[in-house]
Amino acid sequence: MEKRESLWERCLRKGISRRSFLKGCVALTAMMGLSTEKFQEVVEAAEAKPLPVVIWIHGHECTGCDESFIRSGAPLASDLVLSQIDLEYDHLLSAASGEPFEAHLKEVMEKYKGSYILAVEGAVSTKDNGVYCMSGGRPFTRMLQEAAAGAAAIIAYGTCAVSGGIQAAKPNPTGSAGVSPYVGATPVINVPGCPPIPEVMTGVVMHVALFGTLPPLDGEGRPKQFYGNRIHDTCYRRPFFDAGMFAENFDDAGAKAGWCLYKLGCRGPETYNSCGNLRWFQGMSYPIQSGAPCIGCSNANFWDDAPFTKRLPGYGKLGNADKIGLGVGALATVGVVAHAAGSIMQKRKREEAEEKQAAKDAAASKD
Ligand code: FSX
Ligand code: SF4
Ligand code: F3S
């Protein structure tokens, strides 16, 4: 097999300075969720490890995941694609198409057997021999199985690839499902979200590429670094939740003032993701910041949890936390409801006290 360039070698070839290379390594260290102590290891790996070959395939989906990815921050997706990975095949981003493109896929799979990273977006369609999602003239499921067999690791990018997403919503006419059960023994890293945060993908790809290992995963196969907290834990509206100040309608004064969206159906208390920390468009915003409650888009089967404006338990049925969330999330949700109820009572008491005080003041001013 031909010797492939490392990131540092590519920088040298492109005339990128050592300073810029090191800055890129700082960004990568953060992106992989590693502490600054690991910086030297990242530099050494980036100097020595060949750039990863990536095959990126798309099943049943809306392409929103790739749309999110190409808008990632530092390093920019364009930098990643052009400098930090060897993206040999991508249904959406590649300019080539047709038979030569499919022949290239076969060639790449053969040449880099056992070492390439397979990124998968979208669900598999299993009903009627997979005819509802064809790719390169064959069912996508078959393409996935062929590509998975020679991959070092698979990244299921997006809720559709992780658990079926919108295609698997009831009544699921195409028998759609997540990719995991269809890829044999090749390890899978789940990066859910509809779409996921692009920087998470960048961090995961580079972790596998530079260290040759999977990042630490939780029981759901998600990188712990990015799925260890609930949206609720890092939400900037949390002080309003704690103070019992809730928007009651999308156009009321509370909503305009940025109060908590819990009563408008926010799934933040049962959803694990990094949206509150990382946000989109280089940290500019995320749903809650834009005035929309979290709809739990990184949870399995979240589409079946509609209407999204329906309140969480305590005010309605128990939500469908993902498996890790199921234990923790269900308990957490009970806690959240109790906490919300407590906050409301505290607020009422405070308002009563304020009303009493105002009445006293009014009486005193008459005297
Ligand atoms: Fe699904 Fe992604 Fe939602 Fe769309 O690839 S996770 S429908 S943003 O595009 O798969
Ligand atoms: Fe934020 Fe939603 Fe939690 Fe309110 S319920 S604090 S809006 S995550
Ligand atoms: Fe999705 Fe909720 Fe984040 S809807 S994008 S997990 S805030």
Work out from phi, with θ = phi - 60° and the Karplus expression 6.51 cos²θ - 1.76 cosθ + 1.60, the ³J(HN,Hα) of each residue of the stretch 179-192, listed in order in whole Hz, and give x for Gly and Pro. 7, 3, x, 10, 10, x, 8, 5, x, 10, 9, 8, 10, x
Given a Förster radius of 45 Å and the C-beta distance between Lys256 and Thr36 as r, what FRET efficiency does 1/(1 + (r/R0)^6) yield to the nearest 0.05? 0.65
Cα centroid separation - the stretch 1-52 against the stretch 203-261, whole Å: 29 Å
Hand me the GluC sites (Glu not before Pro) from the stretch 94-174 located in a DSSP loop with no more than 16 other Cβ atoms within 10 Å, in residue order please. none
Residues of the stretch 195-254: accessible area per residue with a 1.4 Å probe, Å²: 37 Å²
Would you grab the residues whose amide H sits under 5 Å from the one on Asp218? Only those 5+ places off in sequence or on another chain, please, with H modelled 1.01 Å from N. Lys224
In the full protein assembly as shown, how much of Ser115 is accessible to a 1.4 Å probe, in Å² to the nearest 10? 60 Å²
List the residues, sorted by chain then number, that are 5 or more residues from Met134 or on another chain and whose placed amide H is less than 5 Å from its amide H. Phe140
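The values are calculated or read from the model by the stated rules, or taken from the named source; none is laboratory data. Note that this is a predicted model, so its numbers are computed, not measured. Methodologically, a virtual Cβ is constructed for each residue, glycine included, from the backbone with ideal geometry; neighbour enumeration extends over all protein chains shown. Each accessible area value is taken on the protein alone, full model and side chains, heavy atoms only, with ligands, DNA and RNA left out. Shrake-Rupley method; radii C 1.70, N 1.55, O 1.52, S 1.80 Å.
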